[in-house]
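The numbers here are math on the coordinates, done by the rules we state, and not lab data. From a predicted model like this one, the values you see are computed outputs, not experimental measurements. Cβ placement follows ideal geometry from the backbone for every residue including glycine, while neighbour counts extend to all protein chains displayed.
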Amino acid sequence: MNMFNSMLEFCPVCGAILPLPLDPEKIDINCHCGYKTKASSLNGMVISRVEIVYNPIEKKRKQLQTEDNFGPTVERVCSACGHNEMTYKTQQMRSADEGMTIFYYCIKCGNMEKEDS
């Protein structure tokens, strides 16, 4: 018994999205509720797939012009080169009731690290 008057890609019994065949040779389409229909009833509907690929995350590197431009020096080990001195600056990046964001810059290689406090 058909409870729904729907478009071809929806099950007329339960209203679920029908699992469209990716294989053009497949003859039947089966819904989880037990409804079956012939793939030929889709009237040549095009089946496509979308895949989202994200770019890899890269650490930002910033060249230091002079040490005094970026504030005081602290003992902190750089994750990129292992040098144990970095300069830092703070900036309010989020709302006023959140903590400051601290940006650390390696004196040797210019690697930037961010810490939310």
Over region 75-102, the set of residues charged (D, E, K, R), loosely packed, with under 14 Cβ neighbours inside 10 Å and over 10 Å from Asp116 (Cα atoms) is Glu75, Asp97
Among strands (runs of 3 or more DSSP E) entirely inside region 74-117, those with 1 or more residues being under 18 Å from Ile57 (Cα atoms) and of a type in the set (Phe, Trp, Tyr) are 101-106
